[in-house]
Every structure is written in structure tokens, then in C-alpha cells.
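Here's the structure, in C-alpha cells; my notes come after.
The values are calculated or read from the model by the stated rules, or taken from the named source; none is laboratory data. Not measured: the values here are computed from a predicted model. Counting neighbours? That spans all protein chains shown, and the Cβs are built from the backbone with ideal geometry, glycine included. Protein only, heavy atoms only, side chains kept; ligands, DNA and RNA dropped before computing areas. Shrake-Rupley method; radii C 1.70, N 1.55, O 1.52, S 1.80 Å.
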There are 2 protein chains.
Amino acid sequence: MTHAINDEALDRIFRTARTQNKWFDKPISITHLMAIYDLTRWGPTSANVSPARFLFLISKDAKQRLKPHLLPGNVEKVMTSAATAVIGYDLDFPELIPKLFPHNPGAKDWFKDPKLRETTAFRNGTLQGAYFIIAARALGVDCGPMSGFDNASVDKEFFAGTNVKSNFLCAIGHGDPTGVLARSPRLSFDEACKIL
Amino acid sequence: MTHAINDEALDRIFRTARTQNKWFDKPISITHLMAIYDLTRWGPTSANVSPARFLFLISKDAKQRLKPHLLPGNVEKVMTSAATAVIGYDLDFPELIPKLFPHNPGAKDWFKDPKLRETTAFRNGTLQGAYFIIAARALGVDCGPMSGFDNASVDKEFFAGTNVKSNFLCAIGHGDPTGVLARSPRLSFDEACKIL
């Protein structure tokens, strides 16, 4: 244990960070996308399974392919943000275990049961999705995560022929603060936590 | 978009942070537990559903109750760390939506389908589990997340009579750096990401 990181950092990743709903028309560099992933990938996953996959839609064509699968409220956000990441998880993650978990390549066989494989991919891919949001914020990139879309049809459109399943979307870029909503309340410690 | 947080903070939350396997025999204050939750709760969830629940096991008795449900490799970690958080998600989260999403209390009814309710709770509870890990690290508290335990029997032991389901465990406290393993490789940008 040591001291906390500085207040600017705590504010940026948690305390004053806000979900963006409106975007300035400015691009994001590929260097930024790579830098976000480069932080994200160090976040911990069970047996280092690292199942998350990130599809960055930056071209108008790619966003048009996503558009019909979105809830109406998310269309403008996807079309106007610098990029929308389709964050997925790969059910074939065990194949990479010999590379990712070199001290125990046999861990590949821990995930033969399809239910455990699905749960492990979803849980750990989602952890990585959260690391992605925090990593983007930490690098000064605004985020707008979204769940409102048809997962099955997005999988068909973007992940056909693979075992990757979509999890959630995250618009990233230059947020317009006028689109930020009033902050909703959170649960108190006593409502969400218990000490035994 | 703005500049990145400082290198110390990036290192602490991602670049040099490591999963702990061995713990010094030093307690953690309740103030620290509350501070970790106080950051965690600001992380974004879909419609602010905030389904994660955190049970902090700090007493010897509470840890003894968890012990029989752990894989053998995790017993020592739970028993010797300052606290182990049982991170769960509450399937009854829709009941709190009128409080958490006050501008649209009817969002409660979006989750009547049990499958959607389960997926939403698991996805968003897991995002919050990742926020918890990052929040603890940001405050200088070492983490050791663990999936190796029997979820159903932990639910019976700790969440009987509720609709809370266990997700994963996270030991927290004062990590002994001699227990940290060599860092396993991560996927490159090209292996995990694609730009369209």
C-alpha cells in the first residue's frame, strides 16, 4: 500500500468524468487508439485470458454498417463521435492461453465446459471493457459507453465466421460538455456494501 | 479531450500495477474501504443501474465462512490479506431504478425479461468490479482478484434470502512484492483490435 494518485487523476478517471452524449466534429488519431489499448491490456483478467476484442469504427462506411442495429437514441452519438469501439469477447480465448499464460499452457483445458467458457469470456471481457473506459479517460479521451443495440445482429454484421460476441459499444472522441446530463445519484456505502 | 494524467498515476493503475499473491499481516482501515467504494460508484453503468454489491470480509470468522468454498490455491490469499471483497451483483437492481435514474423512473420496466435482467446485472456489476480494482490501486491499496471459488455455495453462505449473486473475489491490503509472479504477455494491438 502507498499514497493515492493525485486529485487531478482521481477526478479525471472517476470523480468528475462524465458520459458524453454530444460530440464535436474532430477526429481521433490512430496513435490515441493504440495508446488506449496499450493501457487497457495491462488490466488483470483471470489466468490472463484477455478475451476482449476491440473494433474501432472510424470511417463513415463502418458506422453506416452499425447504424441499423442501434436503438434510435444512440444513432447520432455513433455517427458524430470520432470513433465508436465495438467491444466484444472471443469465446475462442482458450486457444491463446499457451501464449498468454506460458507458465501453465494446460490452463487451456480448464475451459472445456461451454458454460464456463462463456461466463469467463463475458466476465473478463467486461472487466477489460471497463479498463478501456478508464484508460481512455486517463489519456484525456472522452467516452460515451452504450448498451442500446441488437447484439445478435451486430455479431452477424461484424463478427461473422468468428466466435467473437459483441458486449457493449463505447463512443470516444471530443465530447461537447453541453450534452452532458445532470449527474444521477449513486448508492451510499451502506446501501451497496457490508463489512463482516 | 485533454492531456493525459501523470505517469505516476498511469503506472499505478495500469502499467506497473500487479496482482498480489502474498500479503503482509497489516490491517486496512474502514475509511480506506469507504474511500475505494466512493470512487468505484462514480464509474458509468447502463442507465445508472449500479448492480454491484460489495461484501468486505475482514474478520477471521467471516473469512472462515468463505474458506470451504475456495479453490485450494486461493485459501492462503484470503486468510492472510487485510480484507477480501466478495463482489456480487443484485438481480433485483430494477427496484432501485426510480432512485438511481430519477429522470426516467419507468426504466424499471425495461428489465422485465429475466435473461436481459441477468445479462445487465452481470455486465454492469462486472464493470463496477473493474472500477473497484482501479479505484483501490488509485488509492494505493494492493489488489489480488480471484475467480477460483464455488459461486453457488458462496451465494448460499453469504447471499441467502436475496437475489445477489457472487461474481468474483478481490483480496486487498498490503501486498508482499516477493509474491508477485513474472508478468505474462499481452496481445498486441493487431491481435486484439481492428480499425474500420
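Taking N as the residue count of the protein assembly as shown, its C-alpha radius of gyration divided by 2.2 N^0.38 Å amounts to 0.93. Over all pairs of distinct alpha carbons, what does the Kirkwood formula give as the hydrodynamic radius of the stretch A:1-65, in Å? About 15.4 Å for the stretch A:1-65. Ranking A:64, A:107, A:185 by Cα position along the charge dipole of chain A, where only Lys, Arg, Asp and Glu carry charges on their C-beta atoms, puts A:64 farthest toward the positive end. Give A:26/A:77; A:194/B:112; A:60/B:194 a once-over and call out the pairs whose C-alpha atoms are over 20 Å from each other. Pairs exceeding the cut-off: A:194/B:112.
For the stretch A:1-65, the residue among A:43, A:14, A:54 whose Cα projects farthest onto the positive side of the dipole built from Cβ charges is A:54. Does the stretch B:1-120 classify as rounded, prolate or oblate by the C-alpha gyration tensor (a ≥ b ≥ c root eigenvalues; a/c under 1.5 gives rounded; else a/b over b/c gives prolate, otherwise oblate)? Here the stretch B:1-120 falls in the oblate category. Each Cα pair under 8 Å and six or more residues apart adds its sequence gap; the mean of these over the residue count of chain B is a relative contact order of 34 percent. Considering only the protein assembly as shown, what is the antiparallel percent among its DSSP beta bridges, to the nearest 5? Among the beta bridges of the protein assembly as shown, antiparallel pairing accounts for roughly 90 percent.
For the stretch B:93-180, the dipole from Cβ point charges (+1 on Lys and Arg, -1 on Asp and Glu) about the Cα centre works out to 360 debye, to the nearest 20.
Given just the C-alpha atoms of the stretch B:81-155, how large is their convex hull per residue in cubic angstrom?
Values: hull volume 9.0 nm³, N = 75.
In the stretch B:81-155, the Cα hull volume divided by residue count equals 120 Å³.
Sum up the charges of everything whose Cβ sits under 14 Å from the Cβ of residue B:137, counting Lys and Arg as +1 and Asp and Glu as -1, but leave residue B:137 out. Don't skip to the answer; put the middle values down first.
Working: positive: B:12, B:15, B:18; negative: B:8, B:11, B:142.
Charge balance near residue B:137 sits at 0.
Give the residue list of trypsin sites (Lys or Arg not before Pro) in the stretch B:89-154 that are DSSP loop and have at most 13 other beta-carbon atoms within 10 angstrom.
Details: sites: B:99, B:108, B:112, B:115, B:117, B:123, B:137; in loops: B:112.
Filter output for the stretch B:89-154: B:112.
Counts of other chain beta carbons within 10 angstrom of each beta carbon in peptide B:128-139 average 6.
Using a simple charge model, +1 on the beta-carbon of Lys and Arg, -1 on the beta-carbon of Asp and Glu, nothing else, what dipole does the protein assembly as shown show about its Cα centre, in debye to the nearest 20?
Working: 48 positive and 40 negative charges, 35 e Å.
Once rounded to the nearest 20, the dipole reads 160 debye.
GNM on chain A, alpha-carbon springs under 10 angstrom: the most fluctuating residue among A:31, A:19, A:162 is A:31.
Quote the Stokes-Einstein diffusion coefficient, in whole µm² s⁻¹, for the stretch B:112-195, based on the Kirkwood radius over alpha carbon pairs, a temperature of 37 °C and a viscosity of 0.692 mPa s.
My calculation gives 207 µm²/s for D.
For residue B:79, what charge total do you get from the other residues with a beta carbon under 11 Å from its beta carbon, if Lys and Arg give +1 and Asp and Glu give -1? Local net charge: +2.
Heavy atoms only, probe 1.4 Å: what % of the accessible area of the stretch A:75-196 goes to carbon and sulfur, would you let me know?
Numbers: 2530 of 4600 Å².
Whole-percent figure for carbon plus sulfur exposure: 55.
Taking every residue in A:141-152 and counting other chain Cβ atoms within 10 Å of its Cβ, the average works out to 2. Shielding of peptide B:36-42 by partners, expressed as the average count of other chain Cβ atoms within 10 Å per residue Cβ, is 6.
What is the stretch A:147-196 by shape, rounded, prolate or oblate, if you read a ≥ b ≥ c off the alpha carbon gyration tensor as root eigenvalues and call it rounded for a/c under 1.5, prolate for a/b larger than b/c, and oblate otherwise? Because a/c hits 1.5 or more and a/b fails to exceed b/c, the stretch A:147-196 counts as oblate. Counting only DSSP H runs of at least 4 residues, each contributing -39500 (n - 2.57), and dividing by the residue count of chain B, the helix-based mean residue ellipticity at 222 nm comes to -10500 deg cm²/dmol. Computed about the Cα centre, the dipole magnitude for the stretch B:75-133 is approximately 120 debye when only Lys and Arg (+1) and Asp and Glu (-1) carry charge, each at its Cβ.
When Lys and Arg each count +1 and Asp and Glu each count -1, what net charge do the other residues less than 14 Å away from residue B:158, Cβ to Cβ, add up to?
Details: positive: A:194, B:53, B:63, B:65, B:67, B:156, B:165; negative: B:61, B:90, B:150, B:155, B:157.
Net local charge, residue B:158 excluded: +2.
Ranking B:159, A:73, B:4 by Cα position along the charge dipole of the protein assembly as shown, where only Lys, Arg, Asp and Glu carry charges on their C-beta atoms, puts B:159 farthest toward the positive end.
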